[in-house]
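**Q** Following this message is one structure expressed as structure tokens.
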Amino acid sequence: MSRKETSSTGGSRARGVITPGRVAIGVVAVLLLVFIFENTRQVRIRLLIPEVTMPLYLALLATTLLGGICGYYVAARRRK
């Protein structure tokens with residue numbers, strides 16, 4: 001048998017197995033949905049001059065993304 005035949009038919013990884021990583025991702029997904037549904041009320045945010053009204057979860061998501069981008073930028077500059 002060739003290597004291709006043995007690797008496709010004799011693989012040791014079974015599909016559909018519940019692993020700790022999959023359970024953790026599932027728990028995080030459920031918590032994220034609960035967070036979103038609990039924080040749907042509108043909030044007013046003032047950015048220097050303009051005032052924006054948006055759902056709270058979107059404001060927190062935008063803040064998290066901006067913080068992640070800034071953190072990535074700082075970490076990338078330190079590696080150089």
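A short reminder: the numbers here are calculations on the coordinates, not readings from a lab. No experiment lies behind these values; they were computed from the predicted model shown. Cβ: placed from backbone, ideal geometry, glycine included. Neighbour counts: every protein chain shown.
**Q** Condition first: surrounded by 10 or more Cβ atoms within 10 Å (Cβ to Cβ) and over 23 Å from the mean Cα position of the chain (by Cα). Now tell me which residues in the range 44-58 satisfy that.
**A** I45, V52
**Q** Can I ask one more? I need the full set of residues from the range 56-73 which are hydrophobic (A, V, I, L, M, F, W, C) and within 17 Å of F37 (Cβ to Cβ), in order please.
**A** Result: L56, L58, A59, L60, L61.
**Q** Another question, then. Among the residues of the range 16-62, which ones are outside any helix (DSSP H, G or I) and either in contact with a Ser or Thr (Cβ under 8 Å, 6 or more places away or on another chain) or aromatic (F, W, Y) (or both)?
**A** Scanning the range 16-62 gives Q42, V43, R44, I45, P55.
**Q** Oh, and also: Find all pairs meeting these conditions: Cβ atoms under 9 angstrom apart; at least six residues apart or on different chains; first residue within the range 59-75 and surrounded by 10 or more Cβ atoms within 10 Å (Cβ to Cβ); second residue in a helix (DSSP H, G or I).
**A** From residues that are surrounded by 10 or more Cβ atoms within 10 Å (Cβ to Cβ), the pairs are L60/F35; L61/I36.
**Q** If you don't mind, another one. Could you check the range 63-80 and list, in sequence order, the residues that are in a helix (DSSP H, G or I) and among the basic types (K, R)?
**A** R77, R78, R79
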